[in-house]
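The values are calculated or read from the model by the stated rules, or taken from the named source; none is laboratory data. Remember, it's a predicted structure, so these values are computed and weren't measured experimentally. Positions of Cβ are generated from backbone atoms using ideal geometry, with glycine treated the same way; all protein chains shown enter the neighbour counts. Quick note on the areas: whole protein, heavy atoms, side chains included, nothing else; ligands and nucleic acids left out. Shrake-Rupley method; radii C 1.70, N 1.55, O 1.52, S 1.80 Å.
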Amino acid sequence: LEIDIKNMTLVSELPVDGLTNHHADSGFSSKVYAVPKGSDFVNSVKLKRDGNGGTSMEVIKKIPLIHKPRSGDAYNKELGVILMVARNRPMGTFIDTVTDEVLGTIGEDVDCSLTSGGTLLAQENPNDISHQCVTPDYGGDQVSGHPYWLTSEMVAIVDRTNRQISVYRVSKDGNGALQSSLVGHTST
């Protein structure tokens, strides 16, 4: 969706695949990532400007994820990646902003969806640190919050359901894949 701010009119729109399309996060390479929060992929959308100042948009890739996307607004310039965290798990996926390739995952690969279509319920014992999937008091069904790079090697993932922030150290292996190791959890 592109809006002419001066005249407040719709300039163009682009239909994208996915369930519960919500927003787009910047890819920092003349592209955005259209986030369908109910699907298991994210759409890479290339933005183009012609010589007359006109713009166009094109879906160039559907990037498969092992989780439902939530937010990809955490960009790491040194690694050239965004971290697209999950809606349904306290985890995320590293996406190369130039090639749109998945370079690795981070966090707890705990699925909160049941095949019946329902979701797992939260533990009633607040001292139970196993990963819960639903709490009645945080106001939504998105397990992860917005991710944040603390440094070029350290990233934080908000685990809303378990009321904690998990900090991970991130590094590249010899093949260019990203590896992460848990530094620790902080209760919130």
Any hit, the stretch 20-28, residues being modelled with pLDDT of 85 or more, in a strand (DSSP E or B) and over 12 Å from the mean Cα position of the chain (by Cα)
no
Name every residue in the stretch 73-87 that is assigned to a loop (DSSP other than H, G, I, E, B) and under 11 Å from the mean Cα position of the chain (by Cα), in order of residue number.
87
Filtered residues of the stretch 141-160 (kept if hydroxyl-bearing (Ser, Thr, Tyr), under 12 Å from the mean Cα position of the chain (by Cα) and open to solvent by 30 Å² or more (accessible area, probe 1.4 Å)):
148
Taking the stretch 57-67 as the region of interest, how many residues are in contact with an Asp or Glu (Cβ under 6 Å, 6 or more places away or on another chain) and open to solvent by 10 Å² or more (accessible area, probe 1.4 Å)?
2
Could you grab the pairs with beta carbons closer than 6 Å, sequence gap of 6+ or different chains, first residue in the stretch 68-85 and within 13 Å of residue 145 (Cβ to Cβ) and surrounded by fewer than 20 Cβ atoms within 10 Å (Cβ to Cβ), second one modelled with pLDDT of 90 or more and polar (S, T, N, Q)?
none
For residues that are at pLDDT 85 or above and open to solvent by less than 20 Å² (accessible area, probe 1.4 Å), tally how many sit in the stretch 86-119.
10
Tell me, please, whether a residue that is modelled with pLDDT of 80 or more and of a type in the set (A, V, I, L, M, F, W, C) can be found in the stretch 46-53.
yes
